[in-house]
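The values are calculated or read from the model by the stated rules, or taken from the named source; none is laboratory data. If you're wondering where the values come from, they're calculated on a predicted model, not measured in any experiment. Glycine also receives a Cβ, built like all others from the backbone with ideal geometry; neighbour counts cover every protein chain displayed. SASA here: full protein model, heavy atoms, side chains in, ligands and nucleic acids out. Shrake-Rupley method; radii C 1.70, N 1.55, O 1.52, S 1.80 Å.
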Amino acid sequence: MKKIISLTFLMLLGTIAINAQDLPANPEPGKCYVRCTTPDIYENQTVEVQVTPAYKKLKTFPATFETQTEKVLVKEASKKLVVIPAKYATETVTFVKKQQASTLKVIPAKFGTGSETIEIKPAYAQWELGAPAPDCASSNPDDCRYWCYKGYPADFTTVSVQTLSTDASTTSSPIAEQTSSYKKRVVSEPARVVEEEIPAEYSTITKTIMVKDAYSEEVVVPATYKTVSKEVLTQKGGLTTWKEVECSLVEYSALPINWNLGSATLTSQAKSIIDTRLMPVLNSNAGAKMEIASHTDSRGSKSSNKSLSERRAQAVVTYLLSKGVNASRLVANGYGENRLKNRCADGVSCTERQHASNRRTEFRLINN
């Protein structure tokens, strides 16, 4: 239900509150009024601002080089001694492999047979005690015995012996001399030493020669300027006046912007809605102040919903500023989930359509 500020209502407020309150002069019944402040009038001017001063810049150039090749000695010339070995020839040498000699054949001695008688015991004589006398009266038998000196002949034996008929002798037979030969290498040309020259060795090297050393040059960098547009106050505003407006404009009206989830960025479609819905209201109600109010549903945290609604309201205001609307005429308020239009608070099960009715952006004219 819309609330209409009528003349009767304003008069009752004036009677109850302060009689000196500033009210519209000669109001008409059934009309709505807002207090407007005449805006300051500015004129756009351009000024050229020096952004960077002119200064000198040193530009350096590196040293330049060229590549040269040069033949250099890597090994000096020298000499080497080469030994040429001796040359040999082959000769046949004959030698006495076995000298001449003789062989001896032994002729053994010849023997005959004979005998020889040898005295093996010579003849001898000795005293011998005889037998006792049978009529001996002595008790000692030896007293009745006698001694005889008896002789014995020599003993001989015969031994068979060999006699030498012919003594041993030898006969000599000659052994012929044996010869043989072998190959002998003899020096046909003796070894010698020859001196040979070893030439020097050279190599090609590449080296970099500096043509010009590094140097620097001064380059003057000119100053840069930027053209800046500024507003110059040509007429001071600030006078407060009451202006009759459509009563529907002092109530919250929907601004049908479909925000992307979690986003506070205006789409081209949203900007078109602002151009067609808000700009005509602001242009036809010069000096009137407008509130942009944004709301969310109860889903999500209170703090994040509050922040999102504030950013969405401010996005609308920022766009209006870019269209040339004076900042003093705009107020951005984000209420988050604090002003739900139905029962869909935290913990209450609701349909998506019911939640959608709480996600809204609205506008209204307010007193300046």
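How much of the accessible area of segment 234-368, in percent, comes from carbon and sulfur atoms when a 1.4 Å probe is used?
Numbers: 3450 of 7030 Å².
On segment 234-368, the fraction of accessible area on carbon and sulfur atoms equals 49 percent.
Rolling a 1.4 Å sphere over the protein heavy atoms, what is the accessible area per residue of segment 210-368, to the nearest Å²? Intermediate values should be presented prior to the final figure.
Numbers: 9040 Å² over 159 residues.
On a per-residue basis, segment 210-368 sits at 57 Å².
Keeping every protein chain present and rolling a 1.4 Å probe, give me the accessible area per residue for segment 61-100 in Å².
On the way: 3470 Å² over 40 residues.
With all protein chains present, segment 61-100 gives 87 Å² per residue.
Let me have the relative contact order for segment 71-197, percent, based on Cα pairs under 8 Å that are six or more residues apart. Mind dumping the intermediate values first?
Values: 223 pairs, mean separation 63.5, N = 127.
Averaging sequence separation for qualifying contacts and normalising by length gives 50 percent for segment 71-197.
For TRP242, enumerate residues with amide H under 5 Å from its amide H, sequence gap 5+ or separate chain, H modeled in the peptide plane.
The answer is CYS36.
List the residues whose amide H sits under 5 Å from the amide H of LYS289, counting only those 5 or more places along or on another chain, with H placed 1.01 Å from N in the peptide plane.
Distant-sequence amide H within range of LYS289: ILE366, ASN368.
With every protein chain left in place and a probe of 1.4 Å, what is the accessible surface of TRP259, to the nearest 10 Å²?
50 Å²
Between ALA214 and ALA25, what length comes free when the chain is fully extended (0.36 nm per residue of separation minus the Cα-Cα distance, one decimal in nm)?
Numbers: separation 189, 0.36 × 189 = 68.04 nm, distance 8.59 nm.
Length difference between fully extended and current span is 59.4 nm.
Is there a pair in LYS56/LYS230; LYS306/LYS341; LYS226/LYS289 whose C-alpha atoms are over 26 Å apart, and which pairs would that be? Could you put the intermediate results ahead of the total?
Values: LYS56/LYS230 31 Å; LYS306/LYS341 16 Å; LYS226/LYS289 34 Å.
Check vs 26 Å cut-off fails for LYS56/LYS230; LYS226/LYS289.
With a cut-off of 8 Å between alpha carbons and a minimum separation of six or more residues, what is the relative contact order of segment 214-354 in percent?
Numbers: 123 pairs, mean separation 30.8, N = 141.
Relative CO of segment 214-354 lands at 22 percent.
In what order, largest first, do CYS144, CYS344 sit by accessible area if the probe radius is 1.4 Å?
Numbers: CYS144 25, CYS344 0 Å².
These residues rank, largest area first, as CYS144, CYS344.
Taking H as built 1.01 Å from N, whose amide H comes closer than 5 Å to the amide H of TYR252, not counting residues under 5 places away?
Long-range HN contacts for TYR252: none found.
Nearest 0.05, what FRET efficiency do THR69 and THR224 give at R0 = 41 Å with Cβ-Cβ as r?
Working: r = 50 Å, r/R0 = 1.23.
Once the sixth-power term is evaluated, E becomes 0.20.
Taking θ as phi - 60°, what are the ³J(HN,Hα) couplings along segment 291-304 by the Karplus curve (6.51, -1.76, 1.60), each to the nearest whole Hz, with x for Gly and Pro?
Working through the residues one at a time gives 9, 9, 10, 10, 9, 10, 7, 7, 6, x, 6, 4, 5, 5 Hz.
Roughly how much of TYR55 is accessible, in Å² to the nearest 10, using a 1.4 Å probe?
The accessible area comes out at roughly 110 Å².
For a label point 7 angstrom out from the Cα of ALA191 toward its Cβ, which stretches of segment 78-120 have the backbone nitrogen within less than 19 Å?
What the label zone holds, given the 19 Å backbone N cut-off, is 80-90.
So what are the ³J(HN,Hα) numbers for segment 64-76, from phi and the Karplus equation (6.51, -1.76, 1.60; θ = phi - 60°), rounded to whole Hz, Gly and Pro as x?
10, 9, 10, 9, 10, 10, 9, 8, 10, 7, 10, 8, 6
If each residue of separation counts as 0.36 nm, what is the full-extension length gain between LYS110 and VAL331 once their alpha-carbon separation is subtracted? Please list the in-between numbers first.
Values: separation 221, 0.36 × 221 = 79.56 nm, distance 17.54 nm.
In short, 62.0 nm is gained.
To the nearest 10 Å², what's TYR88's accessible area with a 1.4 Å probe?
120 Å²
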